[in-house]
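Enquirer: What follows is a structure written as structure tokens; I'll ask about it next.
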Amino acid sequence: MAKNKPKPKKAPRKKFKMPSFKLSSQQKLVLGSFLVISGLLIGIAFVSHLFNGQIDQSALSEFTSREVKTKNWLSKFGAWLSDLLIQRGFGLASFIFSELVLLSGVFVLMNLSLDKLRKHWFWGVYIIIWLSVLFGFFGNRNDILGGTVGFEVNSYLQDYIGKTGTILLLVFGLIIYLAIRFKVTFESIVAFFKSAKKDIKDELSSTDEEIVPIDNNLAEEAEEIKKAHEASLENNQPTKKEPEQPKTETTAFEVNVSEPEPESEIELVPKSTPKPPQKDDDSELEIKVEEVKEELSEADNLANKLVEDFGQFDPTLELGKFQYPPLELLKKYDTEGIKINQEELEENKNRIVDTLSNYKIGIASIKATIGPTVTLYEIVPEAGVRISKIKNLEDDIALSLSALGIRIIAPIPGKGTIGIEVPNKDSTIVSMRSVIASKKFQSSEMQLPVALGKTISNETFVVDLAKMPHLLMAGATGQGKSVGLNAVLTSLLYKKHPAEVKFVLVDPKKVELTLFNKIERHYLAKLPDSEDAIITDNTKVINTLNSLCIEMDNRYELLKNALCRNIAEYNVKFKARKLNPNDGHQFLPYIVLVVDEFADLIMTAGKEVETPIARLAQLARAIGIHLIIATQRPSVNVITGIIKANFPARIAFRVTSKIDSRTILDGSGADQLIGRGDMLYTQGNDLIRVQCAFVDTPEVEKITEFIGAQKAYPDAYLLPEYVGEEGGTSLDIDISDRDKLFKDAAIVIVTAQQGSASLLQRKLKLGYNRAGRIIDQLEAAGIVGPFEGSKARQVLVPDLIALDQHLENEI
Ligand SMILES: Nc1ncnc2c1ncn2[C@@H]1O[C@H](COP(=O)(O)OP(=O)(O)OP(=O)(O)O)[C@@H](O)[C@H]1O
């Protein structure tokens, strides 16, 4: 059977194609150029007819006489042909004939598919007739507009179906043309208008003034700081000292004024694009490479079709008009920008050199890098000096500089110098505005970019929360933790759409995160039955953490079914419409869990909290759940081994003892910080000193108000329901024990004739567990059939009337 089928198929094809492909290359050249030239000549004749047609009319009756002259540029033949096709034929639409003839020539010359040419001719003739009838609607007999054909067909149609009927018929003809020729569908028209609307909006927002000020501000700021640097250097340091040529008596001293925001410079010069390789003139033989088409699976084909028709899935569409908070909501500080106090620099340098020389340590060179709160003096000791000797002098140097918070880094990793960090007398504030406006943050492609502050070399410090993947924040009271948390949240609010990220906020202190209540329906996630999205009650924290564990398991299941390794891959696939929402797939937002006072939780709930936190920390990175945990008390019974092992990224604000510093950072350093947002950041290896960006409560309030005033989702993002151990998950056969939503669920299932828990989850906004329990109850009530593996359960009740009867009979 298999052998017989292809034979009859092949035979007619060969017969049909043979004559058209028998032309030799020379014949094709002759025929092709003949057709191209004919097409051009017809076009010329037609154009000429537009100007001379009237005059040539009289000459046409004596067409055969040699004396009679015509004005057409192709003389009598041109006049005759134009009259035949335009005047007595199809009017202006006849121009398409010349295009079709020319196109045929091109097809023959280039050896293109004749099938396609046939289609061009078919649709070409179709549109010629259609245009002729359309123009004929407005013209007269023998009119140049629609020609005789257009006029006659029109008058015929109008006699029978009237003017309105003719118009409707024309519209119908156009629809046929668009639908079959260009595969236009109703949905694609809707999608086109939607995307056009979005493009216009994007265009408008990209030219929005707020971007310009960012760059302008930056440029201004950069200019100001640069000027300040130059001015102070000119005043205080008239001659520049070269570090390479140290003088014999005094130590060479170089001030390294780090360029403010080097990353903020915006490149205006267009990048030169690589030129295509030039054709080798000598090569006579060209090789044609057949395009290799990838074999697509059925699902891929369907996805491609869907993307073609509707475009990529856009998760932000529901809040398509959402506007990100503008930069103006953040405050500008007068004390911003690095100010160089040359006297202070010289003084500190001399003291460092003196102290070290008291201990017989010679210095080859010294360099200063001025940061927002501390200045780093990098020294290169003379040959033969032991590094440990300098490290041991930490307290002595601190004493001689009479300053707190001196930190010695010996040696600076990767540099071969020794660093001494000395706090500036006047520290400068790093405003949230300056870090948000930085190019580094604005143009970051990170999944969850967080602008934490500025490093010692005054560069904006941006990290990706998704890469951390969890963050532990610790510091004594009043050292800047809450400000740090607000900086993290603000960064995400400035960069992520409500569809892309959700926060679960735990605030046992009850006051720190309340401002975020205003953005509940935009950015917060909560348990289905809870009133407030911000969790202040410790028992609710346990439920929420367990619920997040269920969400994690659900997401892993989705990822497994979608054959994806992480949330980013999954979402890309979902946007490309390769995952079917009917199988429970949906766009997954990142979830960021913030716990403001972790010590408090551990003290009251202990293992009940630690276990789910540790589970989430161990497993949740791939599915987009990230934890940020802050604590005042960084003791070992709060930050336990299991927590530490799963939080490689840590931020330490100032702590009071070396032991606390060791608990957070596995080393000292946090005890030598100066507070007020001065912090050390580590992601498992080096310690980086950063001045945390400062964002004040009124600023957060303005941002949340701005977002809160915009259109929101109907509710906060609902996490799966978690029923504590006492809730039980056994099958409830007793009618009185049925779920409140049992009847609603039965209606949903019977209407859709599909017995699946995920359908209930979506339609009734239920957690996975609750939906599963209701399905069990529906099974017990005989409404759905038993579990059938990956298939949906069979629905045993055919319609809603039967369902009513079924439920009545039960009572
Ligand atoms: N990055 C910063 N820049 C400048 N000042 C800061 C910064 N961070 C904090 N401060 C100052 O320190 C004060 C206390 O900060 P914050 O409230 O964040 O401390 P905290 O560690 O959360 O304290 P607690 O644990 O008691 O809540 C702030 O009111 C502010 O004046």
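Enquirer: From Arg621, Arg633, grab the single residue that is out of contact with any Leu (no Cβ under 6 Å at 6 or more places or on another chain) and under 28 Å from Asn554 (Cα atoms).
Expert: On the way: Arg633 fails: under 28 Å from Asn554 (Cα atoms).
Of Arg621, Arg633, the one residue that is out of contact with any Leu (no Cβ under 6 Å at 6 or more places or on another chain) and under 28 Å from Asn554 (Cα atoms) is Arg621.
Enquirer: Is it the case that some residue within the stretch 407-417 is within 16 Å of the ligand (Cβ to nearest atom) and of a type outside the set (Gly, Ala, Ser)?
Expert: No, every residue in the stretch 407-417 fails to be within 16 Å of the ligand (Cβ to nearest atom) and of a type outside the set (Gly, Ala, Ser).
Enquirer: I'd like to verify a number: residues in the stretch 323-345 that are free of Cβ contacts under 8 Å to residues at least 40 places away in the same chain and closer than 23 Å to Ile412 by Cβ, how many? Please lay out each step first, then the result.
Expert: Just the residues of the stretch 323-345 that are free of Cβ contacts under 8 Å to residues at least 40 places away in the same chain, to begin with: 334.
In the following step, the residues that additionally are closer than 23 Å to Ile412 by Cβ were identified as none.
Residues that pass the stated criteria total 0.
Enquirer: Answer yes or no as to whether Ala599 is more than 16 Å from the ligand (Cβ to nearest atom), within 23 Å of Thr536 (Cα to Cα) and of a type in the set (A, V, I, L, M, F, W, C).
Expert: The answer is no for Ala599.
Enquirer: Which of the residues belonging to the stretch 581-616 are within 16 Å of Asn554 (Cα to Cα) and modelled with pLDDT of 85 or more?
Expert: Passing the criteria: His585, Gln586, Phe587, Leu588, Pro589, Tyr590, Ile591, Pro612, Arg615, Leu616.
Enquirer: Same structure, new question: Could you check how many residues of the stretch 420-440 are assigned to a helix (DSSP H, G or I) and either farther than 25 Å from Phe653 by Cβ or within 16 Å of the ligand (Cβ to nearest atom) (or both)? If you could, list the steps in order and put the result at the bottom.
Expert: Keep residues of the stretch 420-440 that are assigned to a helix (DSSP H, G or I), which gives 432-437, 439-440.
Cutting the leftovers down to either farther than 25 Å from Phe653 by Cβ or within 16 Å of the ligand (Cβ to nearest atom) (or both) gives us 432-436, 439.
So the count comes out to 6.
Enquirer: If you scan the stretch 65-99, which residues turn out to be among the aromatic types (Phe, Trp, Tyr) and surrounded by 23 or more Cβ atoms within 10 Å (Cβ to Cβ)?
Expert: Passing the criteria: only Phe90.
Enquirer: Restricting attention to the stretch 37-84, which residues are more than 21 Å from Thr148 (Cα to Cα) and among the hydrophobic types (A, V, I, L, M, F, W, C)?
Expert: Selection gives Ile37, Leu40, Leu41, Ile44, Val68, Trp73, Leu74.
Enquirer: Scan (1) surrounded by fewer than 15 Cβ atoms within 10 Å (Cβ to Cβ); (2) within 16 Å of the ligand (Cβ to nearest atom); (3) polar (S, T, N, Q) for the single condition Gln618 breaks and write down its number.
Expert: (2)
Enquirer: Sort out for me the helices (runs of 4 or more DSSP H) sitting completely within the stretch 623-710 that have 1 or more residues that are within 35 Å of the chain's Cα centre (by Cα) and within 13 Å of the ligand (Cβ to nearest atom). Write out each step before concluding.
Expert: Working: elements: 641-646, 658-665, 697-708.
Output list reads 697-708.
Enquirer: Taking the options Asp583, Asp537, name whichever one is of a type in the set (Asp, Glu), surrounded by fewer than 20 Cβ atoms within 10 Å (Cβ to Cβ) and in contact (Cβ under 8 Å) with a residue 12 or more places away in the chain. It would help to see each step written out before you state the result.
Expert: Numbers: Asp537 fails: in contact (Cβ under 8 Å) with a residue 12 or more places away in the chain.
So the residue among Asp583, Asp537 that is of a type in the set (Asp, Glu), surrounded by fewer than 20 Cβ atoms within 10 Å (Cβ to Cβ) and in contact (Cβ under 8 Å) with a residue 12 or more places away in the chain is Asp583.
Enquirer: Considering only strands (runs of 3 or more DSSP E) fully contained in the stretch 353-419, which possess at least 1 residues that are among the small types (Gly, Ala, Ser) and surrounded by fewer than 19 Cβ atoms within 10 Å (Cβ to Cβ)? Even if it seems obvious, please write down each step before you answer.
Expert: Values: elements: 363-370, 374-381, 407-409.
The qualifying strands (runs of 3 or more DSSP E) are 363-370.
Enquirer: Picking from Val30, Val47, Val36, which residue would you name as being modelled with pLDDT of 85 or more, surrounded by 18 or more Cβ atoms within 10 Å (Cβ to Cβ) and assigned to a helix (DSSP H, G or I)?
Expert: Val36
Enquirer: Taking interchain pairs and intrachain pairs at least six residues apart, which have beta carbon atoms under 7 angstrom, with the first residue in the stretch 173-197 and in a helix (DSSP H, G or I) and the second hydroxyl-bearing (Ser, Thr, Tyr)?
Expert: Tyr177/Tyr126
Enquirer: Does Ala614 satisfy the criteria of being in contact with a helix residue (DSSP H, G or I) (Cβ under 8 Å, 6 or more places away or on another chain), assigned to a strand (DSSP E or B) and in contact (Cβ under 8 Å) with a residue 24 or more places away in the chain? Before the answer, list the steps.
Expert: Details: in contact with a helix residue (DSSP H, G or I) (Cβ under 8 Å, 6 or more places away or on another chain): yes; assigned to a strand (DSSP E or B): no; in contact (Cβ under 8 Å) with a residue 24 or more places away in the chain: yes.
When the stated conditions are applied, Ala614 does not pass them.
Enquirer: Turning to a different aspect of this structure: Would you be able to say whether some residue in the stretch 656-672 is within 20 Å of Lys509 (Cα to Cα) and surrounded by 20 or more Cβ atoms within 10 Å (Cβ to Cβ)?
Expert: If we filter the stretch 656-672 for residues that are within 20 Å of Lys509 (Cα to Cα), which is where we start, we get none.
The answer is no; no qualifying residue exists.
Enquirer: Output the residue which, of all residues in the stretch 447-458 that are out of contact with any Leu (no Cβ under 7 Å at 6 or more places or on another chain) and under 20 Å from Ile703 (Cβ atoms), is nearest to the ligand (Cβ to nearest atom).
Expert: Applying the filter and picking the extreme gives Gly453.
The values are calculated or read from the model by the stated rules, or taken from the named source; none is laboratory data. If you're wondering where the values come from, they're calculated on a predicted model, not measured in any experiment. In this analysis, Cβ positions are derived from the backbone assuming ideal geometry, glycine residues included, and neighbour counts consider all displayed protein chains.
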